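Colleague: Encoded as structure tokens, here's the structure I'll be asking about.
The values are calculated or read from the model by the stated rules, or taken from the named source; none is laboratory data. Given the structure is predicted, the values throughout are model-derived calculations rather than measurements. We place every Cβ from the backbone using ideal geometry, glycine too, and count neighbours over all the protein chains shown.
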Amino acid sequence: MGRKILCTLIIVLAIVNFSEAATQNPKVKNIVELFTRVNPKLSAKTAQNYADIILQAGEKFKIEPYVIAAMIVHESTVNNKAVSKGGDYGLMQIRYKVHSKAIKQRFPKVKRASDMFDARINIFFGCEIFSECYAKTKNVYDALKRYSAGNKKLADKVTATVRELQAKDNKNSKNKNNKTNKSDNKNVNTKTRKGK
């Protein structure tokens, strides 16, 4: 009994540590800001959950997290209950009729299309589809078009959003470096004064 409690405690601590690390990640912060701006009804906590899942799926499938986040923005407007006229479900707009067999193999708990509203299942399976598209094209832009059945406008929008997020990263990085440089300059000036 004590062993089970210890194992459970270790797992809980690992999850808490992962969440704390993700919160400190500037990509997570940028994704949460983007999601809550695009979908004002979305809570910061839910946006954070989606961002954490995106980081995990991005790592597993070797996909830049900003690409996944931008796909979610332009596929579903960050609405996990989104359903298109064509039968696409959830955040990444998975066409259940086309992929139901593969989905059920990878996620046995999925029994019907509405199960695709589960953010983790939807994002992981969407990333799997996208990684297959990328493997065939070896190009993110062409993989985006393939993922969206040739929708060039969607690929353009996703690409623009990725660039926006990357520019934000670059700006934050420059600001951080400037603060560090100013701090270093203060230290240098202090040392110079003391040295005289």
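Colleague: Would a scan of the range 123-131 turn up a residue that is free of Cβ contacts under 8 Å to residues at least 60 places away in the same chain and among the acidic types (D, E)?
Modeller: Checked against the condition, which is being free of Cβ contacts under 8 Å to residues at least 60 places away in the same chain and among the acidic types (D, E), the range 123-131 yields no hits at all.
Colleague: Among all residue pairs at least 6 apart or on different chains, which show Cβ distances below 6 Å where the first residue, located in the range 97-121, is farther than 21 Å from K60 by Cα and in contact (Cβ under 8 Å) with a residue 12 or more places away in the chain and the second is assigned to a helix (DSSP H, G or I) and among the hydroxyl-bearing types (S, T, Y)?
Modeller: Listed pairs, sorted by first residue: A113/Y96.
Colleague: Quick one: which of A70, A22 is in contact with a helix residue (DSSP H, G or I) (Cβ under 6 Å, 6 or more places away or on another chain), crowded, with 17+ Cβ neighbours inside 10 Å and either modelled with pLDDT under 95 or more than 22 Å from N172 (Cβ to Cβ) (or both)?
Modeller: It is A22.
Colleague: Looking at the range 126-156, which of the residues that are among the hydroxyl-bearing types (S, T, Y) and assigned to a helix (DSSP H, G or I) is nearest to the chain's Cα centre (by Cα)? Step through it out loud before you land on a result.
Modeller: Keep residues of the range 126-156 that are among the hydroxyl-bearing types (S, T, Y), which gives 131, 134, 137, 141, 147-148.
Checking the rest, the ones that are also assigned to a helix (DSSP H, G or I) come to 131, 134, 137, 141, 147.
Numbers: S131: 14, Y134: 17, T137: 22, Y141: 17, Y147: 17 Å.
The extreme case among them is S131.
Colleague: Go through the range 98-119 and give me each residue that's in contact with a Phe, Trp or Tyr (Cβ under 9 Å, 6 or more places away or on another chain) and assigned to a helix (DSSP H, G or I).
Modeller: Those that are in contact with a Phe, Trp or Tyr (Cβ under 9 Å, 6 or more places away or on another chain) and assigned to a helix (DSSP H, G or I): H99, A102, I103, R106, A113, S114, D115, M116, F117, A119.
Colleague: Identify, from the list M71, M92, the residue that is touching a Gly at 6+ places or on another chain (Cβ under 9 Å), closer than 25 Å to A160 by Cβ and not in a loop (DSSP other than H, G, I, E, B).
Modeller: M71
Per-residue answers, yes or no, for (1) within 24 Å of T159 (Cα to Cα); (2) buried (at least 20 other Cβ atoms within 10 Å of the Cβ); (3) modelled with pLDDT of 95 or more; (4) not basic (K, R):
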{"residue": "I5", "(1), (2), (3), (4)": "no, no, no, yes"}
{"residue": "I31", "(1), (2), (3), (4)": "yes, yes, yes, yes"}
{"residue": "Y50", "(1), (2), (3), (4)": "yes, yes, yes, yes"}
{"residue": "I54", "(1), (2), (3), (4)": "yes, yes, yes, yes"}
{"residue": "G90", "(1), (2), (3), (4)": "yes, yes, yes, yes"}
{"residue": "I94", "(1), (2), (3), (4)": "yes, yes, yes, yes"}
{"residue": "D115", "(1), (2), (3), (4)": "no, no, yes, yes"}
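Colleague: Which is basic (K, R) and modelled with pLDDT of 95 or more, of K109, K136, K104?
Modeller: K136
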